[in-house]
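Student: Have a look at the structure that comes next, please.
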Amino acid sequence: MDRRFDLQEYLTRGVERVVADAVKATLKNPRESAFMLRFAAASRTASKKRLEAERQGRHIPAFLIASITSSCNLHCAGCFSRGSRATEDCAPVEQLTADEWLAVFDEAEALGVSFVLLMGGEPLLRRDVLEAAGKKPDILFPIFTNGVFMDESYFELFDAHRNLLPVMSIEGEKNATDKRRGVGVYDKLMANMEECRRRGVIFGASVTVTTDNIREVSSGAFIRDLSERGCKAVIYVEYVPVTEESRELAPGDADREFLRAEIGRLRAECPETVFLSFPGDEKSSGGCIAAGRGFFHVNSHGGAEPCPFSPYSDTNVRDSSLGEAMRSRLFASLRNGDYLLEDHAGGCILFEKREQVEALLAHP
């Protein structure tokens, strides 16, 4: 890697592009456009905070991922979260309260974090936390949901708090979605999208990219269908294998290059839609951006982890500030070593290096 690479500049440019794309995507919707213009101003203020922190020797990522519950109502085939037991059917215990999450969001805003991605389990099972997030209009909260619990009360919540952005998980067309998520899920998603479109509520779609569906979900036909339904953001998330048998589903270098090129084409052809990819082109970002380089993860019990696919922690936000969690020994070891910079076969570099990450925890 070129050691002259400026990560903060790279991330700032990326955030500016996402925000600019979001403003363009909402120009035909006065309420959403007004909110996005306000958020654009807040995002510039947040960027200044991150740049000032960088000058003081503190790196602040633009993104935080928050898994606000470990419960989920679905059993999606090949789910990494269930495979790693981060998501289970049993009633969750000792999870962060809504007030504790609000304190996390307060500190994130003060530090200059612009985006907090809300995940689970199924985040719509924690309405109390979503209502807390609605109180932070200068942070954008994409909510990664399976969509099953979206009802009148949730549509009203999203209508009232435009910083809450439902991002519904879809695997492609009906057969692919129902095969992985369960019969009837696709039709429910289509009904949700229609209701969001009717109300003028901006929403997005999240796609788990595998070697099986990569061409379908990046096709012009699939994107046009989502766009016609009112979808304004498509977020591609590379599949991380749960078992060795599922490793062949994880995108490799050629697949990533194909997706990168397709996203470039789609951005040119569909300016009304925001396209993001995680982990995306790691070569252009100087390596994996987990462990606080570009984002980190707080699990439902408060543990600060490098990313959702690397569920290891030596710090809990109940016992330390968010800023202290970013500077944890584990995160510092991962950032200062070569763990985030090396090539890997597919999915997630830290998942592939999980034995080494475990060793870091075991031997300070």
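Student: Can you tell me the relative contact order of the chain? Whole percent, Cα pairs under 8 Å, sequence separation 6 or more.
Tutor: On the way: 633 pairs, mean separation 64.6, N = 364.
That works out to 18 percent.
Student: A follow-up question, please. At 1.4 Å probe size, with no ligands or nucleic acids counted, give the accessible surface of Glu173 in Å², nearest ten.
Tutor: For Glu173, solvent-accessible area is about 70 Å².
Student: Next question. Cut-off 10 angstrom, C-alpha nodes, Gaussian network model of the chain. Which of Cys288, Cys76, Cys307 fluctuates the most?
Tutor: Cys76
Student: A further question follows. Hey, got the dipole for segment 209-261? About the Cα centre, +1 on K and R Cβ, -1 on D and E Cβ, debye to the nearest 20? Write out the running numbers ahead of the final one.
Tutor: Working: 7 positive and 11 negative charges, 80 e Å.
Here segment 209-261 has a charge dipole of around 380 debye.
Student: For the chain, set up a GNM with springs between Cα atoms under 10 Å and report which of Ala325, Ala40, Ala20 has the largest fluctuation.
Tutor: Answer for the Gaussian network model of the chain: Ala20.
Student: Cα convex hull of the chain: mean projected area in nm², to one decimal?
Tutor: Details: hull surface 66.2 nm².
So the Cα hull casts an average projection of 16.6 nm².
Student: Now a separate question. Ignoring ligands, DNA and RNA, what percent of the accessible area of the chain is carbon or sulfur (1.4 Å)?
Tutor: On the way: 8050 of 15590 Å².
That share works out to 52 percent.
Student: What is the Rg over Rh value, at two decimals, for segment 214-332, using alpha-carbon atoms and the Kirkwood definition of Rh?
Tutor: Values: Rg = 17.2 Å, Rh = 16.4 Å.
On the Cα set of segment 214-332, Rg over Rh gives 1.05.
Student: From largest accessible area down, sort His363, His161; use a 1.4 Å probe on the protein chains.
Tutor: Details: His363 135, His161 60 Å².
Sorted by accessible area, descending: His363, His161.
Student: Something else now. When the chain is treated as a GNM, springs tying every alpha-carbon pair under 10 Å, which of Ala98, Ala46, Ala221 comes out with the largest mean-square fluctuation?
Tutor: Between Ala98, Ala46, Ala221, it is Ala221 that shows the largest mean-square fluctuation.
Student: Then there is this: Need the C-alpha centroid separation for segment 171-187 versus segment 191-267, integer Å.
Tutor: 14
Student: With all protein chains present, calculate the accessible area of Ser219 using a 1.4 Å probe and round the result to the nearest 10 Å².
Tutor: Taking all protein chains as shown, Ser219 has close to 30 Å².
Student: Over the chain, what is the percentage of antiparallel beta bridges among all DSSP beta bridges, to the nearest 5? Please report the intermediate quantities before stating the final value.
Tutor: Working: 4 of 33 bridges.
Looking only at bridges with both residues in the chain, the antiparallel portion is about 10 percent.
Student: Just to verify a number: what accessible area does Lys188 come out at with the full protein assembly present, 1.4 Å probe, Å² rounded to tens?
Tutor: 60
The values are calculated or read from the model by the stated rules, or taken from the named source; none is laboratory data. This is a predicted model, so every value here is computed, not measured. Heads up, the Cβs are rebuilt from the backbone with ideal geometry, glycines too, and the neighbour counts pull from every protein chain shown. Areas reflect the complete protein model, heavy atoms only, side chains present, ligands, DNA and RNA absent. Shrake-Rupley method; radii C 1.70, N 1.55, O 1.52, S 1.80 Å.
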